[in-house]
């Protein structure tokens, strides 16, 4: 990579009369601090030009060119520290700040050689494949090299490594493009025996006709006595066959989560497009809301434009994944080795995910009921719990629900390309998806199966993010498994129908008598 930077260092007083001293200091820096860590035979960063700004005589304008051995923005910080010390010592002048006016970076993706693929060229040249943050002015290519143009980076942006993050973000986008647009790598690891379905109808549509359920809002459903009892029966099966025998303790986790928590777990930015955001009133004072109330009472309508002016920008979201607040609890804590593994579950409320255009029926909704199982322990304890859970899931799906299903190891594209896990974690950590055939979607081989369950070993991802360890200071692993009750129900009814007499015997025994349906005239 090649870097060209134009920026300035600003002092507390004019330096136009100290040009000779500045020249000497820059020469000294070039042979000392700007060579530190750079191999003798390699080039780091060179000062290609400098002058005192005639419009602001406290500013030293600089032109720097460098390589990956010492990038100019890092060299600028070294110059800042060196000149602050020496100018203070020799001339009693302090240093205020540094700033990058223009920064051009030329780079070649590591996984590409020669001319870039035409599709990638088109996306870059059209501006579709770029990083949309304030400092990025433009991304373009000459066919073999990518160019990134940045402008107006202040000291905070430089010190907080925004340049590296911008380059990493561009690399992620290119990797995703080269990955072929796939959301994740998928590898089949187990498949159940084939089972002949009872019918091939969409259960959502049939239950709507019977009045068992009713669409309430986009992706939100009203459940009557029948589907409610099915969901509660499935919940009871989880309690009896998983929670109690494996010794998970119940916790009640918050269902509104500050965005800062999701930032640490990686859900921001990864799932920002799927959150339901929370806005709080700017004021509780009834007088503040008087004009809003007047408008509603007079017009009988909600003045949404006025409402936007009375609520704060969102700083939280409604529960997307239940486990982040659990990791938050352990922030910077030490865990007694003898207490491990810690095993918890949360079943205290609904979760929300905006699925956009992907919404259909109960198998893909926005509001759903979910049991989250979470565990914390050593690597060996994590793998043992995974083994135990797989055994219990197999029993439930094969013997109680009698469904046709399969397991696949999935690696999201960003983890595949960005080395999300390191060392031993590469082989052991990751996600197993449980998928089931929905006969109403088509045949087994050509239709899309529904992912209705997952099990993830996260390695040290979350314990590193929240900085919790054992009492001895050793790293701990975490794992989680989310049980979406609506999806379990859809899988069961898609294969077994909505006539209870055709349901598997073990499920029917646990379900009991059919509730009396609600009748309307």
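Each peptide in 490-498, 301-309 gets a packing score, the mean of other Cβ atoms within 10 Å over its residues, and the list from highest to lowest is 490-498, 301-309. In the set [x] 27.3, 97; [y] 29.6, 96; [z] 23.9, 81, the label that goes with Rg and Dmax of the Cα atoms in Å computed for this structure is [y]. Using a Förster distance of 22 angstrom, determine the FRET efficiency expected from the C-beta separation of residue 152 and residue 12, and round it to 0.05. It comes out at approximately 0.50. Rounded to the nearest 0.05, the FRET efficiency derived from the C-beta distance between residue 339 and residue 187 at R0 = 35 Å is 0.50.
In nm, to one decimal, how far is the modelled label at residue 502 from the one at residue 311, with both set 7 Å along Cα→Cβ? Reported label-point gap for residue 502 and residue 311 is 4.4 nm.
Per-residue Cβ neighbour counts within 10 Å put 218, 268 in the sequence 218, 268, beginning with the fewest.
Calculated mean residue ellipticity at 222 nm for the chain: -9500 deg cm²/dmol, from DSSP H runs with n ≥ 4 weighted as -39500 (n - 2.57), summed, divided by the residue count and rounded to 500.
With neighbours defined as other Cβ atoms within 10 Å of a residue's Cβ, the residues 480, 279 order from fewest to most as 279, 480. Rounded to the nearest 10 degrees, the angle from helix 72-91 to the longest Cα principal axis of the chain is 50 degrees.
Compare the peptides 41-48, 431-438 by average per-residue count of other Cβ atoms within 10 angstrom and give them in order, highest first. Let's see the in-between values first.
Numbers: 41-48: 15.2, 431-438: 22.1.
Put in order of decreasing packing, that is 431-438, 41-48.
Calculate how steeply helix 379-395 sits against the longest principal axis of the alpha-carbon atoms of the chain, using the helix alpha-carbon long axis, and give the answer as 0 to 90 degrees to the nearest 10. Approximately 30 degrees, to the nearest 10. Note on the chain: antiparallel DSSP beta bridges, both residues inside, total approximately 95 percent of the bridges counted. For residue 250 and residue 273, the difference between the fully extended length at 0.36 nm per residue and the C-alpha to C-alpha distance is 5.3 nm.
Can you give me the angle between helix 19-31 and the longest principal axis of the chain, using Cα atoms only, in degrees from 0 to 90, rounded to the nearest 10? The angle comes out at about 50 degrees. Placing a pseudo-label 7 Å from each Cα along the Cα-to-Cβ vector at residue 263 and residue 298 gives an inter-label distance of 4.2 nm.
Between residue 210 and residue 348, take the C-beta separation as r, use R0 = 35 Å, and let me know the FRET efficiency to the nearest 0.05.
Values: r = 30 Å, r/R0 = 0.86.
Approximately 0.70, to the nearest 0.05.
Bear in mind that the values in this text are calculations on the coordinates, not laboratory data. Treat the numbers as computed from the prediction; the structure is a model and nothing was measured. Counting neighbours? That spans all protein chains shown, and the Cβs are built from the backbone with ideal geometry, glycine included.
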